[in-house]
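The values are calculated or read from the model by the stated rules, or taken from the named source; none is laboratory data. It should be emphasised that the depicted structure is a prediction, and the values quoted were computed from it without experimental measurement. No Cβ is skipped: glycine too gets one built from the backbone with ideal geometry, and neighbour counts run over all protein chains shown. Only protein heavy atoms, including side chains, enter the accessible area calculation; ligands, DNA and RNA are left aside. Shrake-Rupley method; radii C 1.70, N 1.55, O 1.52, S 1.80 Å.
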Amino acid sequence: MANKIVYTVEEALSGLTDGMSLAVGGFGTNGNAFELLNGIVDMGVKDLVVYSNNPGSLTADGLVGLGRLFDAKQVSKFVGSFIGFNSVFENQYMKGEVEVHFTPQGTLAEKMRAGGAGIPAFYTPTGAGSLVSEGGLPVRHGADLEIVEVSQPKETRTFLHNGEPREFVLEESIRADYAIVRAWKADAEGNLVFRRTAQNFNPDAAMCGRITVVEAEEIVPVGGLQPEEIHLPGIFVDRVLPLTREQVQAKPVEVITIREPGQEHFVPAGREDDRPEVGWSRNDLARRAALELSDGQYVNLGIGLPTKVPDFIPDDVDVTLQSENGLLKTGPFPLYYEFDPDTINAGKETVTVRPGGSVFGSSMSFAMIRGGRINTAILGAFEVNEFGDIANWGIPGKKVRGMGGAMDLVEGAETVIALMEHLAPDGSSRVRNECSFPLTARRAVDKLITNFAVFDISEDGLTVVELAPGVTLEFLREHTEPDFAVALNG
């Protein structure tokens, strides 16, 4: 029997030197290998290349996880999908102190999984027709915030998909020098079990590491894990570091959401009578979007406004909510005694799991999405054009958070619904002839719900099917850039 247990961080990270690459598990703070990452900070190794969904997190208690490596300026290149709200990393990126390669979340997970499976590259529909495939994503900025380096175009190819020609993007896989992973249970042979949504990127990262190092919350005897409960076999693992009880309990949570007894869901922000004179409030938008859902559907909700939708799903409609961080049958926010730091949704909010729910890794989650298993995806947007082009992940020079899982969702879901404010802060229309912000995807949105109206979108363009209170057709035409047809319900 190979005993892979090590007892010090130094032993676990032995051999890690300047310039090496790291594949790091975790989704926000969920499933982070905090002790191993802190150990890398203490080692002081520099010029690291990091592959991870997020660049660490900035919590009320300060930077945690990968955030500490960026704060110590140990990372020269980051490949990930979402900056989140780590202002330290964002400042480094905008000042040109770190090279950043934005990668759609599902593509990142598959790049890790494929790299560990010995597949050097693969084709995916995600990112086709956007800057991901065409090149031009900002990779590095100068000292004056100007863009000095952009991503290069990627090879594309047309394949038949469901009998129709479709463009696919060639993505190279990831093979990292080290994988840094956190597990719930491990044995001395390196067999791993992950807990709840803390699974996320951890098994995919573990597979693609030439040396895979795991910190484990509980060590069990060999044979103490049933074969069918092992999520990742020990063949992928090289070293296992046991954690102390104090280290196990130190689990920061980015967004703690608790509901009161008697509330089926979280109380929506804002009063029910707090509506504008013209149009719908944000709660009204969520309520209207909920009417688009049908009994028996599998539904994915984007972060922000779409997370309000479950509060308004009719009682006679039963849908299964999928969170792309690795949860099927997402339940309401927990009561105080149900709080679990290892159970979060894609918005990094604490949630519950409904009976019959399941958890899984990130590559499995996006296999569901890209594989067409999601009936409806509801996302927020910055802009949508008349033919369903959507921009929802970045405003150049102002807000660049990364695309997260949006590009995968709009390519994979059967029906895509976009929610957004009709007007930008300067009063211009966000319903555009052509999107001015970087595209998430072309011709992806099927229905657009703004605070002024509901539009169906087809190859012929926009058709308004419902007006919000106080909105007239004349008012809508005045505040909408493209022309639209009219087919008002009722």
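Please pick out the residue among S87, S130 that is without any contact (Cβ under 8 Å) to a residue 40 or more places away in the chain and polar (S, T, N, Q). Break it down into steps so the answer makes sense when it comes.
Numbers: S130 fails: without any contact (Cβ under 8 Å) to a residue 40 or more places away in the chain.
Of S87, S130, the one residue that is without any contact (Cβ under 8 Å) to a residue 40 or more places away in the chain and polar (S, T, N, Q) is S87.
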Condition check for R182: among the basic types (K, R) and touching a Ser or Thr at 6+ places or on another chain (Cβ under 8 Å): no
Criterion: buried (at least 24 other Cβ atoms within 10 Å of the Cβ) and either in the same structural domain as L58 (by the TED database) or modelled with pLDDT under 95 (or both) - qualifying residue of N86, N91: N86
So L328, is it assigned to a loop (DSSP other than H, G, I, E, B) and in contact with a strand residue (DSSP E or B) (Cβ under 9 Å, 6 or more places away or on another chain): no
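Can we say R401 is of a type in the set (D, E, K, R) and over 30 Å from M94 (Cα atoms)? Talk me through it step by step, then tell me what you get.
Numbers: of a type in the set (D, E, K, R): yes; over 30 Å from M94 (Cα atoms): no.
In short, no.
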Failed condition for V24, given (1) open to solvent by 10 Å² or more (accessible area, probe 1.4 Å); (2) in contact (Cβ under 8 Å) with a residue 24 or more places away in the chain; (3) of a type in the set (A, V, I, L, M, F, W, C): (1)
Strands (runs of 3 or more DSSP E) completely within the stretch 22-134 that count 1 or more residues being farther than 23 Å from P153 by Cβ and not hydroxyl-bearing (S, T, Y): 48-51, 57-59, 62-64, 75-80
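For the stretch 156-182: of the residues being touching a residue at least 40 places away in the same chain (Cβ under 8 Å) and touching an Asp or Glu at 6+ places or on another chain (Cβ under 7 Å), which is most open to solvent (accessible area, probe 1.4 Å)? Even if it seems obvious, please write down each step before you answer.
Let us first name the residues in the stretch 156-182 that are touching a residue at least 40 places away in the same chain (Cβ under 8 Å), namely 162, 166-182.
Keeping just the survivors that are touching an Asp or Glu at 6+ places or on another chain (Cβ under 7 Å) gives 170, 182.
Numbers: L170: 47, R182: 13 Å².
Among them, the one singled out is L170.
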